[in-house]
1. Using only protein heavy atoms and a 1.4 Å probe, report how much of Ser49 is accessible, in Å² to the nearest 10.
2. Which order do peptides 113-122, 131-140 fall in by mean Cβ count within 10 Å, highest first?
3. Sort the following peptides by mean Cβ neighbour count (other Cβ atoms within 10 Å, averaged over residues), highest first: 174-181, 91-98.
4. With just the Cα atoms defining each centre, how far is the stretch 176-201 from the stretch 38-64? Give it in Å.
5. By how many nm would the segment from Asn175 to Val90 grow when fully extended, if each residue of separation counts as 0.36 nm and the alpha-carbon distance is taken off?
6. What part of the accessible area of the stretch 89-148, given as a whole %, is carbon or sulfur when the probe is 1.4 angstrom?
7. Local charge sum around Arg200 (other residues, Cβ-Cβ under 13 Å, Lys/Arg +1, Asp/Glu -1)?
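The values are calculated or read from the model by the stated rules, or taken from the named source; none is laboratory data. Because the structure is predicted, anything quoted here is derived from the model rather than measured. We place every Cβ from the backbone using ideal geometry, glycine too, and count neighbours over all the protein chains shown. Each accessible area value is taken on the protein alone, full model and side chains, heavy atoms only, with ligands, DNA and RNA left out. Shrake-Rupley method; radii C 1.70, N 1.55, O 1.52, S 1.80 Å.
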Amino acid sequence: WATESGGAAPSAPLPSPFIQQQFAPHSQIERPRAKFVADISLADGALVSPGQSISKIWRISNPGAQSWPEGVRLVNVGGEIMNGPLNGVVVPPVVGNGLVDVALDLVAPNRPGRYVGYWRLMSPEPNQQRFGHRLWVDITVKTEEQPAQAAAQERAATANEAEGETDMIGLIKWNSELEILGDLGFTDVDKLIGDLEALRGNVQDVVERQLSQTEAD
């Protein structure tokens, strides 16, 4: 179009600074982070009775700069769910560098044996991204002949703590690789850490070894 006077067309109005400020750069939104701190209850390998109600409590930190959003859940990502909540449990938002104790009420299986269930934090809808360290519940359901073993296991708890520290070192060292493997459906953390150590962190080689072991079984 043109003006009747033939003069220059007026320039388009500049965008309002107010409108420009409504859109925050996506890069400023940090993915939630979480880090295992300690087992508050139910040490790894705890000896329990068949069908016993148990409570597992983890202490978790938020090492990030931003608070977790509302609606974060702790959900099962593999292993034995042990009658735990199918939709997980809601975890309160934790401020940056804050701590939270997360409790999970479970029921031990009726059959004797060792059972391990894996759990992880998940952001709310619509993204529902898993984040942070993978957590686990590791119990042994005792037989009728095992009550005398409980006292011996209690005495061995200190030694198990040292071994647990070694497992945690591997969990932290290979956290990124374990996240990738977990998303691919591999959940046996102990074996995965061993394979990652042996194969120098090569995820593709670990996947091939896991698949070959599955076919052999």
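1. For Ser49, the solvent-accessible surface is approximately 40 Å².
2. Descending mean neighbour count gives 131-140, 113-122.
3. Ranking the peptides 174-181, 91-98 by packing returns 174-181, 91-98.
4. If we compute the Cα centre of each part, the gap is 22 Å.
5. Contour length minus Cα-Cα distance gives 28.3 nm.
6. 48
7. Working: positive: Lys173, Arg209; negative: Glu177, Asp195, Glu197, Asp205.
Here the count lands on -2.
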